[in-house]
Amino acid sequence: MADLGVMALLLGLALSIYAAVGAIVGEKTAMAELVVSARRALYMTTLAAAVASGALINAFVQNDFSIKYVVDHSNTFMDRAFVWVAFYAGNEGSLLYILLALALISAISIWFAPKRLARSMPWTIAILAIIQLFYFGVLSFVASPFELLDTIPLEGRGINPLLTHPGMFSHPPLLMGGLIGITIPFAFVSGALIAGNYGDDWIDVARVSAIITWGVLGTGMLLGAWWAYTILGWGGYWAWDPIENVALMPWLVLTAFVHSIMVQKRRGMFRMWNVALLNIAFVLAQLGMFINRGGPVVSVHSFAASSLGVIFLSFMLASLLFAFALFLWRMPQLKSDRAMESFMSREASFLINNFLFLAVMGVTLWGVLYPLFSDLARDISVSVSAPYFDRTNGPVLLGIVVMMGIGPLLPWRKTSARSMKQWFMWPTLVGLLTIIVLVALGVQRPIAIFAFGVVAFVAASISEEWWRGTTARHRSGDNWVMAWWRLVNGNRPRHGGYIVHISILMLALGIIGTNFYQQRTDGALALGESIILDNYRIEYVDEGESIRDDRIAKWAEMSVYEINPDDYSQEIAFAATQGSSGFTLKDSRLRENDNLIDQIEPWHGFYPDFNMASVRSGIRSTIVEDLYVIPRDFLADGRVSIAVSINPLAWWLWVSGPFFIIGTMVALWPQHAVERRPVRKRKLDDPEGEN
Amino acid sequence: MAAGDPLLMIGSRARSPRAFAIFFIALSLLILLTATNCVREVDITLEQRSHQLAGDLMCPVCDGQTLDGSNAQIAVDMRLKVRELLDSGNTNAEVKDYFVARYGEEILAAPESSGFNLLAYIVPVVIVFGGIGIALITIKNMRKSAAQVNYSGTQTVSSPNEPADLSDYLAKVDRDLGIYIQPASSESYDVSSSQSDKENS
């Protein structure tokens, strides 16, 4: 098996060299056959990558412990379903997975590339082949997943316990796929620029591939957050960890791109800017690969850490140089067709939105690099973690949400005070009313109240557009649902965008709730004891234990009661004198208003081989708040030490996921209907059909 | 917060979209500044304070985790120490100083905004305001070049200006969107602005 894998990788290496050289030589000497042959060679690299991946997966299935990677990442009593996870659980395997994903999407995108890009295709093929060449080379010579061991052990080490979670079937592949996926729009746009194809032929390919990548990366990050929330026992879902940040940064730039590409599509503006955004996103993705594979930062995600740092750093610098040089070379040809007419136009608001996204990216990058900078400049180590990013990025992210309510309501070109008044009156009123109501209700934290007002403002602005469009169609005869459906179908990029905006609002609700209103307490409970936090009483009812070869698992069965705090006023008053909001109760008798609402089972597994614990939090989730119990440890005296928190609005974080995916798909769905823009009219004046 | 609401600008005092824009930018700057200064508050129970402080301190033996998120024994002990220091009346700053004195600056999850570390906070401000500034200047320059583009006629590469008459189409769009704008009934708005209203699609 190992031999087959090694050979497949070497074959892929040869094929990608041939594809790169063939495409360039074929283009330069006008030998069309050579270019066609290069294109086919690039299809074949997919096969090579697939055979190599198949060989590795097969080795896992067969428990082939002659291969070092298999020994390091599996054992005979591992759940067989996790073979797929083990495939990318370590450095070499994840590189192979990335190569497989890249080869596959390269082939698909070349296959479906529109005919009018024919002139730039050789260059696109060459760029894709060179990037594949890099991965084939690294996998063949530096980080081979098929490295053999001299002595074959009887048992493998097993999979990293943190990875044994259903989320791991999708989170890492989506994230890695999303990062490498940026290569596709980058290759198409760079190819067009090298070929001197300055028009807008590449818009659709770049837009579609960028949105797919963006959706995949976004979904991957959400799944990662969900995984952290449910299994890692960090008590949070996003820690602004360097590895999280390097995935977030290209996503932010792509977010800017998927907005501003619409300005190019509709108004012929921002060409230079869009090319620059794709270049930045691509380079940031390479930075992500570098930091992931042995970058100089400290992170909780060290699954793929390796000594490949220098290689990936060089590759990142090379791509930076290439992107920059290409951009400077072709910059003069990338002028806008039209000028900006007003500050109060959609194109202007898109530009401001773009700069805000880039600002968050820049601040995040600075936060990631600052510890290095401090080390180098004055030899003092510092840490830059969540509190820093909350403080610096929080306000800018809020500003982006504000823009989300303003931008879509502004018309293209320019607007008037009258139109502003017409469109902004209602959302502004709703936003203000929300703030007033929250203040009247005695809700605390001014910043959070303002943020809720902003969310309401944006929600109202989306509702307003949908309401106006739907009622207009309803008046012309459709029923309400059909009217709304036709509205969405009439301009899918726009309305898909609104659905994504709604998902972002949900995310914002969850972030505001958990960041500003979380309540927490700690305690160690013996059987029969309870811990009380706010209006919850959690009783430790029973314990469970299971010992397997690879782990010792313990769990606590706990009953969750909803209580009336008045019944416990004495204890609460006493706890308050101790400065606590929660407390432990020895006496497990129920009081008058105690009402059993749920059973939870926080789970704690210890893996001796890894000297590592993996926990599954007990969560009672409702639309208003999550009751969240992390089992920190099972103590020797039989007590369980837990951290309890109430996470307001956390439910909304996870609901946003489906909306994000649906919105992205709506925006991507091919548009058959006549688009809501003066297409036909414009074509009369525009013989080239470009607009 | 209510005093800074855009609505007030749209009322009788509204003069032009630009006034609105400037007002809006000033407002957002104000919000940014206030927001930066009170993300975390101290008027809460000692317990909540100790949890927040635990989130501001790194666990010294875990890679990139705060005390709050870590289950390591040293993190447990340090959390207890935080609580003990708060119980004996220390301020948040004093607690942080206590740990910095023992573990070095690295123990803080975010650098203090003083001395050399001010850089960590100044650069983001420069990035954000620089970014917004560049965006605004770009828009301004693009507007200025509007006239030149039209006269020189060389800059419009692949497509001509807006087609002359879209009014039928735009009227249809308006109907679809349910916008019924009275055609220039009020003298205070010129034709061109209501024209562009209609292009809101």
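The values are calculated or read from the model by the stated rules, or taken from the named source; none is laboratory data. Predicted model only: the values in this text are computed from it and were never measured. Methodologically, a virtual Cβ is constructed for each residue, glycine included, from the backbone with ideal geometry; neighbour enumeration extends over all protein chains shown.
The sole residue among A:Arg378, A:Arg413, A:Arg346 that is surrounded by 23 or more Cβ atoms within 10 Å (Cβ to Cβ), more than 19 Å from A:Val455 (Cα to Cα), modelled with pLDDT under 90 and of a type in the set (Lys, Arg) is A:Arg346.
Listed here are the helices (runs of 4 or more DSSP H) enclosed by the stretch A:37-129 that have at least 3 residues being within 30 Å of A:Ala19 (Cα to Cα) and within 25 Å of the chain's Cα centre (by Cα): A:91-111. Does A:Thr584 satisfy the criteria of being within 40 Å of the chain's Cα centre (by Cα), in contact (Cβ under 8 Å) with a residue 24 or more places away in the chain and over 30 Å from A:Phe452 (Cβ atoms)? Spelling it out, A:Thr584 is indeed within 40 Å of the chain's Cα centre (by Cα), in contact (Cβ under 8 Å) with a residue 24 or more places away in the chain and over 30 Å from A:Phe452 (Cβ atoms).
Criterion first (out of contact with any Pro (no Cβ under 8 Å at 6 or more places or on another chain), buried (at least 19 other Cβ atoms within 10 Å of the Cβ) and either within 29 Å of A:Phe257 (Cα to Cα) or modelled with pLDDT under 90 (or both)) does A:Arg475 satisfy it? No. Considering only residues in the stretch A:429-472 that are of a type in the set (Phe, Trp, Tyr) and more than 9 Å from every other protein chain (Cβ to nearest Cβ), the one that is surrounded by the fewest Cβ atoms within 10 Å (Cβ to Cβ) turns out to be A:Trp466.
Of the residues making up the stretch A:387-397, those that are among the aliphatic types (A, V, I, L, M) and either closer than 9 Å to B:Ala110 by Cβ or at the interface with chain B (Cβ under 7 Å from one of its Cβ atoms) (or both) number 1. Taken across the stretch A:577-586, residues that are within 14 Å of another protein chain (Cβ to nearest Cβ), small (Gly, Ala, Ser), in a loop (DSSP other than H, G, I, E, B) and within 29 Å of A:Val655 (Cβ to Cβ) do occur, with at least one present. For the stretch A:536-566, filtered to residues that are of a type outside the set (Asp, Glu) and more than 37 Å from the chain's Cα centre (by Cα), the residue that is modelled with the lowest pLDDT is A:Pro565. So in the stretch A:407-425, with the set limited to residues that are touching a residue at least 24 places away in the same chain (Cβ under 8 Å), not in a helix (DSSP H, G or I) and not charged (D, E, K, R), which one is farthest from A:Phe270 (Cα to Cα)? Looking at the filtered set, the residue picked out is A:Thr415.
Matching residues to (1) surrounded by fewer than 21 Cβ atoms within 10 Å (Cβ to Cβ); (2) over 13 Å from the mean Cα position of the chain (by Cα):
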| site | (1), (2) |
| --- | --- |
| A:Val189 | no, yes |
| A:Leu193 | no, yes |
| A:Gly199 | yes, yes |
| A:Trp202 | no, yes |
| A:Val208 | yes, yes |
| A:Ile211 | no, no |
| A:Gly218 | no, no |
| A:Trp227 | yes, no |
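Is it the case, given these coordinates, that A:Thr521 is among the β-branched types (Val, Ile, Thr), touching a helix residue (DSSP H, G or I) at 6+ places or on another chain (Cβ under 9 Å) and modelled with pLDDT under 90? It is true that A:Thr521 is among the β-branched types (Val, Ile, Thr), touching a helix residue (DSSP H, G or I) at 6+ places or on another chain (Cβ under 9 Å) and modelled with pLDDT under 90. In the condition set (1) farther than 30 Å from A:Val384 by Cα; (2) under 16 Å from the mean Cα position of the chain (by Cα); (3) outside any helix (DSSP H, G or I), A:Trp238 is compliant with all but (1). Selection over the stretch B:114-128 of residues that are of a type in the set (Ser, Thr, Tyr) and either facing chain A (nearest Cβ under 9 Å) or crowded, with 16+ Cβ neighbours inside 10 Å (or both) gives a count of 1. If you filter the stretch B:90-113 down to residues that are over 15 Å from A:Tyr388 (Cα atoms) and among the polar types (S, T, N, Q), you find that the one that is farthest from the other protein chains (Cβ to nearest Cβ) is B:Thr91.
Is there any pair linking a residue in the stretch B:68-89 that is more than 11 Å from every other protein chain (Cβ to nearest Cβ) to one that is in a helix (DSSP H, G or I) and surrounded by fewer than 13 Cβ atoms within 10 Å (Cβ to Cβ), with Cβ under 9 Å and at least six apart or on different chains, and which? Listed pairs, sorted by first residue: B:Leu85/B:Glu94. Within the stretch A:199-219, not a single residue is free of Cβ contacts under 8 Å to residues at least 40 places away in the same chain, in the same structural domain as A:Ile182 (by TED's automatic domain parsing) and not aromatic (Phe, Trp, Tyr). Just so you know, in the stretch A:413-447 the residues that are among the basic types (Lys, Arg) and on the phi > 0 side of the Ramachandran plot include one that is farthest from the chain's Cα centre (by Cα), and it is A:Arg413. Exactly one residue out of A:Val70, A:Val61, A:Val85, A:Val6 is in contact with a helix residue (DSSP H, G or I) (Cβ under 8 Å, 6 or more places away or on another chain) and at pLDDT 95 or above: that is A:Val6. Could you tell me whether A:Ala107 is assigned by TED's automatic domain parsing to the domain that holds A:Phe146, surrounded by 22 or more Cβ atoms within 10 Å (Cβ to Cβ) and in contact with a helix residue (DSSP H, G or I) (Cβ under 7 Å, 6 or more places away or on another chain)? Judged against the criteria, A:Ala107 is not a match.
In the stretch A:139-156, the count of residues that are buried (at least 18 other Cβ atoms within 10 Å of the Cβ) and among the β-branched types (Val, Ile, Thr) is zero.
Of all residues in the stretch A:648-684, which are surrounded by fewer than 15 Cβ atoms within 10 Å (Cβ to Cβ), more than 30 Å from A:Asp534 (Cβ to Cβ) and modelled with pLDDT of 50 or more? Selection gives A:Trp669, A:Pro670, A:Gln671, A:His672.
Take the conditions surrounded by 21 or more Cβ atoms within 10 Å (Cβ to Cβ) and touching a His at 6+ places or on another chain (Cβ under 8 Å) and apply them to A:Arg537. Does it pass? Answer is no for this residue. Filtered by the rule that a residue be under 19 Å from A:Pro250 (Cα atoms) and more than 7 Å from every other protein chain (Cβ to nearest Cβ), the stretch A:357-386 gives A:Phe357, A:Val360, A:Met361, A:Thr364, A:Leu365, A:Gly367, A:Val368, A:Leu369. When restricted to residues that are surrounded by fewer than 15 Cβ atoms within 10 Å (Cβ to Cβ) and in contact with a Gly (Cβ under 8 Å, 6 or more places away or on another chain), the stretch A:602-616 contains 1.
Do we have A:Ser569 as more than 13 Å from every other protein chain (Cβ to nearest Cβ), under 40 Å from the mean Cα position of the chain (by Cα) and not in a loop (DSSP other than H, G, I, E, B) here? Spelling it out, it is not the case that A:Ser569 is more than 13 Å from every other protein chain (Cβ to nearest Cβ), under 40 Å from the mean Cα position of the chain (by Cα) and not in a loop (DSSP other than H, G, I, E, B).
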